[in-house]
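What follows is a single structure, written as structure tokens, with notes after it.
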Amino acid sequence: MYYMRKLKPDSSVTGLLIILGILGIAGIAGALFGQAWGLKVLGGLILLYALYSLNVWIRTMSTGYLVATLYQAALGIFIMTLPADLEVGLQSPFSRLFLVIYVLLLPVLGYYAFTKKIKWRGREILELAATTVEEVGNGFTPRPLPAGKLEYTHNELLAFTEFVRRNLVAIPFNEGQRIMMVVVKMGEEFRYILRLHDDILDETWVSFDFNGEVSVNISQRDYLEFREALSFDQLCDSLGKLFIDFFDMFRRGESVRVIDRMDALRLSPFS
């Protein structure tokens, strides 16, 4: 099925900037202090990023991020243990062990990446929400809107929250009387994982309270990502109904259909 794209093309370069930053810092260290130090700095920075991936895994329990953590840790340790004489380093059983681990994990990580199991699904969510919105409105309105009422038990909501978390559909925040599911696009997850942005009220989210009330907010930043000034009320209503549909499919044991709906958009695994 073909979907008309309503979001502007992805212009995020966060991932590329991180890679260039790591290589740049390691290159400077190598130029100033020698190749051995450059390798140690490069390996250390990769290990530091592995700690970030571990933090993501702890936060989401996504298997893909566990694989990414092991992959990055193996690569970082391998590089850090290399001496300036690379031929000597490759003869070390310790270095070769982590090289083998790295090589074995590489195709596994590739599988998780290209099957979108380590992809934050924010762009798919926003595209699906906009699919049924045709009316052009007056622009952004900074206010959350009610999206309906749904009957569910406390345990059902917690189980759905876990599903959303593990599959990177959104980042849940338990606010006591409600759970807010913040929609996150690729490249923006760092702000939430590293807690660089504590106030989530002005972000894009769908909340489910423990009385069954569902409400929605769309951030101005995300609203401006659409090619047209879509009706804000309709867009919020559609986003709320989308999550309600996801909840219903999950309760019927059809959670795979939630993933299928997002995959059907055929967006890049890296956007």
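The values are calculated or read from the model by the stated rules, or taken from the named source; none is laboratory data. All values derive from a computational prediction rather than experimental measurement. When the accessible area is computed, the model is the full protein with side chains, heavy atoms only, and any ligands, DNA or RNA have been set aside. Shrake-Rupley method; radii C 1.70, N 1.55, O 1.52, S 1.80 Å.
Couple of notes before you dig in:
- Pairwise Cα distances in the chain exceed 33 Å for 31 percent of all pairs.
- Here the range 1-146 yields Rg over Rh of 1.14, to two decimals, using C-alpha coordinates and the Kirkwood radius.
- Cross-link partners for LYS185 among the lysines, with Cα-Cα distance under 27 Å and sequence neighbours closer than 8 places in the same chain left out: LYS6, LYS8, LYS116, LYS117, LYS119, LYS149, LYS241.
- Computed over the chain, the per-residue total of -39500 (n - 2.57) for DSSP H runs of n ≥ 4 gives a 222 nm mean residue ellipticity of -18000 deg cm²/dmol, rounded to 500.
- Remark: the chain carries 51 Å² of accessible area per residue (probe radius 1.4 Å; ligands, DNA and RNA excluded).
- Portion, in percent, of the accessible area of the chain that falls on carbon or sulfur, probe 1.4 Å: 63
- Mean projected area of the Cα convex hull of the range 181-271, taken over all directions, amounts to 7.2 nm².
- Exposure rank, largest accessible area first [PHE94, PHE114; 1.4 Å]: PHE114, PHE94
- For the range 226-234, 3J(HN,Hα) per residue [Karplus equation, 6.51 cos²θ - 1.76 cosθ + 1.60, θ = phi - 60°, Hz, x = Gly/Pro]: 7, 5, 10, 7, 5, 4, 5, 4, 5
- For the range 161-172, backbone phi angles converted through the Karplus equation (6.51, -1.76, 1.60; θ = phi - 60°) give residue-by-residue couplings of 4, 5, 4, 4, 5, 5, 9, 6, 6, 6, 9, x Hz, Gly and Pro being listed as x.
- Fully extending the segment from ARG252 to HIS154 would add 33.6 nm, taking 0.36 nm per residue of separation and subtracting the current Cα-Cα distance.
- Partner aspartates and glutamates whose Cα lies under 16 Å from the Cα of LYS40, excluding those fewer than 8 positions away in the same chain, are identified as ASP85.
- Note that the range 97-113 has calculated 3J(HN,Hα) couplings of 4, 6, 5, 5, 4, 4, 5, 5, 7, 4, x, 5, 5, x, 4, 5, 5 Hz, one per residue in order, obtained from phi through the Karplus relation 6.51 cos²θ - 1.76 cosθ + 1.60 (θ = phi - 60°); glycine and proline are x.
- Rounded to the nearest 10 Å², the accessible area of VAL184 at probe 1.4 Å: 0
- P(r) of the range 116-224 over all Cα-Cα pairs, binned every 10 Å from zero, in whole percent: 13, 46, 34, 7
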